[in-house]
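**Q** I am attaching a structure below and will ask some questions about it afterwards.
The values are calculated or read from the model by the stated rules, or taken from the named source; none is laboratory data. The model shown is predicted, which means the values in this text are computed figures rather than measured ones. Backbone-built Cβ (ideal geometry, glycine too); neighbour counts: all protein chains shown.
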């Protein structure tokens, strides 16, 4: 009996990119004799339900962006902690707005044929998954300014996609910019205490579709990269953005980088957070850990 791919399709991903790609995806699968079941999401959280119901040992293909990946990973990892994904594998066809998880896997977001070709002779890679207060994240979690920007991106004008949408979010978030004191502990040791623009905890190198928060981060090394930005002004935040896009900000004296398997953030005032761009909080405390190698992906 042929293996049936479980294709979880988010029709609103990428503000229309996923919908435009669907026909090409279905033609490719049919032409190469790949049996599949198309599962279309209809609401927030639906991808988690669909992934959770996927048969043991199946390959779940995300036709969407980082938000869909986030929901699917959440569904795959629900259940038995000793066998969290029940032998199920994850594949990604990146058609979202940022596609940062695909970037971490080396899957180009503008090569639909290349992403689909990986399903023909799949090579599996075990990757880490982060957990923030019990919520899994595939690529990144953050608190502070980047979470404010991600929150604004979700309500950006429909015509804005990718980098344009994130820049809109950044500019909108600048209006409420106010660094807040935070205490950061990595593996139980205090590494920072003071005013902070943001703290980004990265499983992969990139966030926001274009920003290399942690250029050396790897999602299969068992640790998280923790980027702490100090008390940047509005002008300072705008000035450093081009450096973040190139990963050169890590040399800035106002930026510090740490690595570890557990992170505790204690903020003086409630702050918004995000997990793969999906909103968390606001709250004053965030606890982050990593589960090494718990998910197998087609890469």
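**Q** Of all residues in the stretch 248-280, which are touching a helix residue (DSSP H, G or I) at 6+ places or on another chain (Cβ under 9 Å) and within 21 Å of residue 290 (Cα to Cα)?
**A** 256, 257, 272, 273, 274, 275, 276, 277, 278, 279, 280
**Q** Just checking, does the stretch 60-67 include any residue being within 17 Å of residue 135 (Cβ to Cβ) and touching a strand residue (DSSP E or B) at 6+ places or on another chain (Cβ under 8 Å)?
**A** yes
**Q** Next up: Within the group 238, 191, which residue is modelled with pLDDT under 95, outside any loop (DSSP other than H, G, I, E, B), surrounded by fewer than 18 Cβ atoms within 10 Å (Cβ to Cβ) and outside the structural domain of residue 74 (by TED's automatic domain parsing)?
**A** That would be 238, the only listed residue that is modelled with pLDDT under 95, outside any loop (DSSP other than H, G, I, E, B), surrounded by fewer than 18 Cβ atoms within 10 Å (Cβ to Cβ) and outside the structural domain of residue 74 (by TED's automatic domain parsing).
**Q** Consider residue 100 against the criteria (1) surrounded by fewer than 21 Cβ atoms within 10 Å (Cβ to Cβ); (2) in contact with a strand residue (DSSP E or B) (Cβ under 7 Å, 6 or more places away or on another chain): it satisfies all of them except one. Which criterion is unmet?
**A** Condition (1) is where residue 100 drops out.
**Q** Could you list, in sequence order, all residues of the stretch 223-235 that are touching a helix residue (DSSP H, G or I) at 6+ places or on another chain (Cβ under 8 Å) and loosely packed, with under 15 Cβ neighbours inside 10 Å?
**A** Hit for the stretch 223-235 is 234, nothing else.
**Q** Which of the numbered conditions does residue 245 fail, given that it passes all the others? Conditions: (1) touching a helix residue (DSSP H, G or I) at 6+ places or on another chain (Cβ under 6 Å); (2) modelled with pLDDT under 95; (3) outside any loop (DSSP other than H, G, I, E, B).
**A** (1)
**Q** Consider the stretch 254-299. How many of its residues are modelled with pLDDT under 95, assigned to a strand (DSSP E or B) and not assigned by TED's automatic domain parsing to the domain that holds residue 212?
**A** Qualifying residue count for the region: 0.
**Q** Among residues belonging to the stretch 130-140 that are within 12 Å of residue 104 (Cβ to Cβ) and touching a helix residue (DSSP H, G or I) at 6+ places or on another chain (Cβ under 6 Å), point out the one that is surrounded by the fewest Cβ atoms within 10 Å (Cβ to Cβ).
**A** For the stretch 130-140, the residue satisfying everything is 138.
**Q** Now for a different question. Determine whether residue 19 is under 18 Å from residue 275 (Cα atoms), in a helix (DSSP H, G or I) and either free of Cβ contacts under 8 Å to residues at least 60 places away in the same chain or touching a strand residue (DSSP E or B) at 6+ places or on another chain (Cβ under 6 Å) (or both).
**A** When the stated conditions are applied, residue 19 does not pass them.
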